[in-house]
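Heads up: the structure comes next, in structure tokens.
The values are calculated or read from the model by the stated rules, or taken from the named source; none is laboratory data. This structure is a prediction, so every number in the text was calculated from the model and none was measured. Reconstructed Cβ throughout: ideal geometry from the backbone, glycine too, with neighbour counts over all protein chains shown. For accessibility, only protein heavy atoms count, side chains too; no ligands or nucleic acids. Shrake-Rupley method; radii C 1.70, N 1.55, O 1.52, S 1.80 Å.
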Amino acid sequence: NGWVNAMGTVEEFSLDIAPFTQSPRKIWVYLPASYASSHKKYPVLYMFDGHNLFFDEVATYGKCWGIREYLDKSGLDLIVVGQDCNHIGNGRMDEYCPFRPVKIKGWEDTQKKGDITAEWFVNVLKPAIEKRYRVSSARNHVGIGGSSMGGLMADYMAARYSDVYSKFACISPATEFAYKRS
């Protein structure tokens, strides 16, 4: 069936995300089983909400995406990097909001800070990962992904940084606040 049972590993480290609060942030990195015995450079997928990617114990709603299990079973040689979001108040909403929100119920106090987050991904996180791990920096081997507000950010970065990322996973992007309803 093509499925393998080799186990990849998930490493964690912290990285400063100034000027935001709750800094430094935890960075989660999935390394495929082949990483330890290979010298090649790997394709990389950067993702929002790293705490939701690998372990149920730390996932916001108690159930992670199961990315580690899927990659272990598929044998796909891919490194996945997840950045922990801001867990204080509406910090996640603000940091993942790349547009000025339209005044609709529930979004009135959201601040547009997604451009700062996007620049941090490109200018701080990506170089830190490239220095620490054997990942390809070539555009055709670099992706960005997320869900909900993270999906909106991945969508935004697909357009703004198409010279950096060639693959995008924009799952259920939270676009409802970014357009006017008549």
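Ignoring solvent entirely, what values of log10 I(q)/I(0) come out of the Debye formula for the chain at 0.11 Å⁻¹ when each Cα is a single scatterer?
-0.47
Share of the stretch 1-114's accessible area from carbon and sulfur, percent, 1.4 Å?
53
For Cα pairs less than 8 Å apart in space and 6+ apart in sequence, what is the mean separation divided by the residue count of the stretch 3-83, i.e. the relative contact order in percent?
Reported as a whole number, the value is 38 percent.
Indicate the gyration tensor shape class of the stretch 1-50 (rounded, prolate or oblate), computed on the Cα atoms with a ≥ b ≥ c the square roots of the eigenvalues: a/c under 1.5 is rounded; otherwise a/b larger than b/c is prolate and the rest oblate.
Cα axes put the stretch 1-50 in the prolate bin.
Can you compute the helix-only [θ] at 222 nm over the chain? Use -39500 (n - 2.57) per DSSP H run of at least 4 residues, normalise by all residues, nearest 500 deg cm²/dmol. Can you show the working numbers first?
On the way: 5 runs with 39 residues, N = 182.
Result for the chain, helices only: -5500 deg cm²/dmol.
Hey, rough spin-label estimate for residue 132 and residue 99, points 7 angstrom out along Cα→Cβ, what's it come to in nanometres?
So the label points at residue 132 and residue 99 sit 3.3 nm apart.
Between residue 40 and residue 21, with labels modelled 7 Å along Cα→Cβ, what's the label distance in nm to one decimal, could you check?
About 4.5 nm, to one decimal.
Over the chain, give the accessible area per residue in Å² for a 1.4 Å probe, as an integer.
On a per-residue basis, 51 Å².
Test of understanding: what is the full-extension gain from residue 109 to residue 13, defined as 0.36 nm times their sequence separation minus their Cα-Cα distance?
Once the chain is fully extended between residue 109 and residue 13, it gains 31.4 nm.
For labels at residue 56 and residue 88 in the simple 7 Å Cα→Cβ model, what's the distance in nm?
It works out to 3.2 nm between the two label points.
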